[in-house]
1. On the given criteria, is ARG86 open to solvent by less than 80 Å² (accessible area, probe 1.4 Å), modelled with pLDDT of 95 or more and out of contact with any strand residue (DSSP E or B) (no Cβ under 9 Å at 6 or more places or on another chain)?
2. Mind listing whichever residues of region 100-116 are polar (S, T, N, Q) and open to solvent by 20 Å² or more (accessible area, probe 1.4 Å)?
3. Consider ALA183 against the criteria (1) farther than 15 Å from THR73 by Cβ; (2) open to solvent by 70 Å² or more (accessible area, probe 1.4 Å): it satisfies all of them except one. Which criterion is unmet?
4. Of the numbered conditions (1) over 28 Å from the mean Cα position of the chain (by Cα); (2) at pLDDT 95 or above; (3) of a type in the set (Phe, Trp, Tyr), TYR202 satisfies every one except a single condition; which is it?
5. So which residues in region 117-155 are farther than 12 Å from PHE177 by Cβ, open to solvent by less than 60 Å² (accessible area, probe 1.4 Å) and part of a loop (DSSP other than H, G, I, E, B), if there are any at all?
6. Return the total of residues in region 156-204 being hydrophobic (A, V, I, L, M, F, W, C), in a helix (DSSP H, G or I) and either touching a residue at least 40 places away in the same chain (Cβ under 8 Å) or closer than 25 Å to LEU135 by Cα (or both).
7. Inspect region 188-208 for any residue being among the polar types (S, T, N, Q) and loosely packed, with under 15 Cβ neighbours inside 10 Å and give the result as yes or no.
Amino acid sequence: MQAATWSKAALRAVTRSPLLVLFLALVAAVEIGTKAAGRKPFPPDTTPAGAYARIAFAVAERHPKDIFAYLETEAQWASFTLQQARMEACGKVRASYPPDQREKLLDAWKEEGDSADGPDAFARLALRRGWIARLERDLSGVEHVEIQGDRATVVTARATRYPFRRRDNGIWGLTIFTAELQAEAERATRDLEMVDRAARDYEQAKTVTSP
């Protein structure tokens with residue numbers, strides 16, 4: 001995205017979001033190179049500091065879905081698996097389950113099941129689990145970055161450590177949500193298998209009892 005686009009978005013948002021004060025401070029902390037006109041205010045997202053700055057901007061702008069692009073690959077895969085499994089399970093529940101069995105399952109699953117895609121499923125889960133609120137509390141300017149091979153840690157002015165892993169496309173992805181996303185995706189897959197068996201039983205029962 002061009003520098004002018006980021007700058008105008010930031011200026012418009014200052015009056016809307018107090019988190020932009022934090023974001024602008026973060027940009028000042030992570031900006032590299034000269035201050036000549038036309039330079040991007042962020043380092044490239046092929047650097048850990050650049051990926052972190054874009055996460056901070058997404059949080060400040062209240063666009064949690066935009067964080068998805070800066071998750072590590074395993075977290076992204078888990079989000080897509082979660083969304084697909086929940087969508088299929090909700091569809092089978094709505095189509096085959098008796099009315100008195102539907103509500104409890106749909107209430108538990110429809111948030112991710114009705115999401116549009118993996119990024120949307122991640123954003124909904126992140127809001128519900130308090131991950132976005134956690135980022136809002138902890139984000140601050142970059143103190144320094146530690147890089148070891150394909151792994152890096154962004155250390156903030158508040159001494160919070162954010163681990164990243166370099167993806168195959170060169171972009172650095174945040175890893176702190178991966179374990180929970182994978183666990184949620186595995187749970188959704190098991191639930192789908194259970195629902196699939198039950199749905200077949202319900203459909204068979206309908207066939208047996210129909211005149």
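1. So ARG86 fits the description; yes.
2. Taking region 100-116 first, the residues polar (S, T, N, Q) are 101, 115.
Of everything in region 100-116, just one residue is polar (S, T, N, Q) and open to solvent by 20 Å² or more (accessible area, probe 1.4 Å), namely GLN101.
3. Here ALA183 meets the rest and fails (2).
4. All conditions are met except number (2).
5. Listed by number, the residues that qualify are ASP117, LEU139, SER140, GLY141, GLY149.
6. Start the filter on region 156-204 by keeping residues that are hydrophobic (A, V, I, L, M, F, W, C), which leaves 157, 159, 164, 171-172, 174, 176-177, 179, 181, 183, 185, 188, 192, 194-195, 198-199.
Next cut, in a helix (DSSP H, G or I) only: 179, 181, 183, 185, 188, 192, 194-195, 198-199.
Going one step further and asking which of them are either touching a residue at least 40 places away in the same chain (Cβ under 8 Å) or closer than 25 Å to LEU135 by Cα (or both), we end up with 179, 181, 183, 185, 188, 192, 195, 198-199.
Matching residues across region 156-204 total 9.
7. Step one: filter region 188-208 for residues among the polar types (S, T, N, Q), giving 189, 204, 207.
From what's left, loosely packed, with under 15 Cβ neighbours inside 10 Å: 204, 207.
Yes, there is a match, as at least one residue in region 188-208 is among the polar types (S, T, N, Q) and loosely packed, with under 15 Cβ neighbours inside 10 Å.
The values are calculated or read from the model by the stated rules, or taken from the named source; none is laboratory data. Just so it is clear, the structure is predicted and the values come from calculations on it, not from any experiment. Heads up, the Cβs are rebuilt from the backbone with ideal geometry, glycines too, and the neighbour counts pull from every protein chain shown. These accessible areas exclude ligands, DNA and RNA; they are computed on the full protein's heavy atoms, side chains included. Shrake-Rupley method; radii C 1.70, N 1.55, O 1.52, S 1.80 Å.
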